[in-house]
Amino acid sequence: MADAQRSVARYRNLRMEIESIRSEWTIGIVHLARGESEHGLSVLENAAASFESLSMNGDAGFVKLDICEELLRREEWNEAEVTARGLAALFIAAHVTTASAKALDFLRRSVESRQATAETVRYIREYITSDDPARRFDPPSVAVN
C-alpha cells in the first residue's frame with residue numbers, strides 16, 4: 001500500500017496522470033483485499049471516473065468490473081445492476097469484439113436476474129481480456145432468463 005501511495009505522488013509530480021490513476025486503482029484493490037470495502041469502492045469509483053474523463057473507456061470498464069465483482073460479493077444487487085448496465089457501453093467504445101459485447105450482455109442479464117457471482121465477473125473479465133472472437137463463451141453455470 002505504501003509503495004502504491006508513493007507512486008501516486010511521484011506520478012502526479014511528474015504529471016503522469018494515467019499512471020497515477022492506475023496506482024490509485026491498485027490502492028482500491030488493496031483496500032478491498034484488506035476488507036475495507038467501502039473505502040476501496042470509493043477509490044475505484046474515482047479511478048473509473050478519471051479514466052472515463054480521459055476517454056480511456058477500456059480501463060474504466062475494467063475498473064468497473066472490479067466494482068461489480070465487489071458489489072456482487074456484498075450482494076448489493078441494485079448497485080451491481082447499475083454498474084453492469086454501463087459496462088457494455090464502455091467496452092464497445094473501447095472497440096472490443098462483438099463476442100465480448102455479448103459476454104457483457106450476459107453479465108448484465110445474470111446480474112439483473114440475481115444469478116451472477118463474483119466468479120461470473122472474473123470469467124467475463126478474463127474473456128474480454130482475451131478479446132478473441134473465435135474463443136468459445138463458456139461461463140460458470142448461471143441460470144439467466
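Among residues of the range 62-81 that are surrounded by fewer than 17 Cβ atoms within 10 Å (Cβ to Cβ), those with a Cβ under 7 angstrom from a residue that is of a type in the set (Lys, Arg), sequence gap 6+ or separate chain, pair up as Trp77/Arg114.
Pairing each residue of the range 125-138 that is in the same structural domain as Phe91 (by TED's automatic domain parsing) and under 22 Å from Ala89 (Cβ atoms) with any residue that is assigned to a helix (DSSP H, G or I) and not hydrophobic (A, V, I, L, M, F, W, C), provided the two are 6+ apart or on different chains, yields C-beta distances under 6 Å for Ile128/Ser100; Asp131/Ser100. Reported count of residues in the range 7-52, each being out of contact with any helix residue (DSSP H, G or I) (no Cβ under 9 Å at 6 or more places or on another chain) and part of a helix (DSSP H, G or I), is 1. Can Glu70 be described as out of contact with any His (no Cβ under 6 Å at 6 or more places or on another chain), outside the structural domain of Ala118 (by TED's automatic domain parsing) and part of a helix (DSSP H, G or I)? In short, no.
On the given criteria, is Ala84 surrounded by 23 or more Cβ atoms within 10 Å (Cβ to Cβ) and either without any contact (Cβ under 8 Å) to a residue 40 or more places away in the chain or touching a helix residue (DSSP H, G or I) at 6+ places or on another chain (Cβ under 8 Å) (or both)? Yes. Given the structure, is Ser55 outside any helix (DSSP H, G or I) and under 23 Å from Val96 (Cβ atoms)? Yes; evaluated as a whole, the condition is true for this residue.
The values are calculated or read from the model by the stated rules, or taken from the named source; none is laboratory data. Note that this is a predicted model, so its numbers are computed, not measured. When we count neighbours, we look across all protein chains shown, and the Cβ atoms used for this are built from the backbone with ideal geometry, even at glycine.
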